[in-house]
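Please treat every number below as a calculation from the coordinates, not as lab data. None of the values given here were measured: they were computed from a predicted structure. Cβ atoms come from the backbone with ideal geometry, glycine included; neighbour counts cover every protein chain shown.
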Amino acid sequence: MKNILAIPKYQIVILVLITCAVYAPVVGNNFLYTWDDQIMIINHYTSGGYHFSNLKSLCTDFYEGQYAPLLHINTLLLYSIDKYNPVVFHLGSLLWQMGNVLLIWLFIKKLLLLRKEAVPVSIPAIAFLTAVIFAIHPINVEAVTWLSMP
């Protein structure tokens, strides 16, 4: 019997292409200067660089009423690539979405394998369809396009 968890590369390529096709227009957008991006992205944490006191502050302080260390570490990493270039930030957000789509795909595969009633032949198809729906679902647009969403 063929290994159900074997990773068919064509499914990964299709999922990545679908995600890119849906969210590619966001790469040309700028920051939202009238919303949260000027506070959550363009701040002293981001431009502070990688040093101990800044990383400690990122992980322990509340900033503007929010505690979002993963967001600040992500923005610090993206800032270090090309300063405040919005293309880099939007590409980073797109990469996070691609990773989430692939995680959904793997999670559904493993979840269906644990369920003994599932037909092994249909597991890859169900997992792939679920990941496609997650990739194109409109509920994810805000999380991918609005940069200050953690």
> For H51, H72, what's the fewest-to-most ordering of other Cβ within 10 Å of each Cβ?
Replying inline: H51, H72
> Using a cut-off of 29 Å between alpha-carbon atoms, which lysines can reach K9, once sequence neighbours fewer than 8 places away in the same chain are excluded?
Replying inline: K109, K110, K116
> Relative to the first principal axis of the alpha-carbon coordinates of the chain, what is the inclination of helix 69-82, with its axis defined by its Cα atoms, in degrees from 0 to 90 and to the nearest 10?
Replying inline: 80
> Tell me, L129, L76 in order of fewest to most beta-carbon neighbours within 10 Å?
Replying inline: L129, L76
> Between K9 and T60, what is the FRET efficiency for a Förster distance of 35 Å, r being their Cβ-Cβ separation, to the nearest 0.05?
Replying inline: 0.25
>> Under a Cβ-only charge scheme (Lys and Arg +1, Asp and Glu -1), can you give me the dipole magnitude of the stretch 31-150 about the Cα centre, in debye to the nearest 20?
In response: 580
> Mind checking which of G48, G99, G65 has the largest fluctuation in a GNM of the chain, springs on alpha carbons under 10 Å?
Replying inline: G65
> Between R115 and V87, what length comes free when the chain is fully extended (0.36 nm per residue of separation minus the Cα-Cα distance, one decimal in nm)?
Replying inline: 5.9 nm
> Which of the lysines could a cross-linker span from K83 if the Cα-Cα distance has to be under 22 Å and same-chain partners fewer than 8 positions apart are dropped?
Replying inline: K56
> Relative contact order for the stretch 12-127: what is it in percent, counting Cα pairs under 8 Å that are at least 6 residues apart?
Replying inline: 28
>> If the elastic network links every pair of Cα atoms under 10 Å, which of Y79, Y23, Y50 fluctuates the most in the Gaussian network model of the chain?
In response: Y50
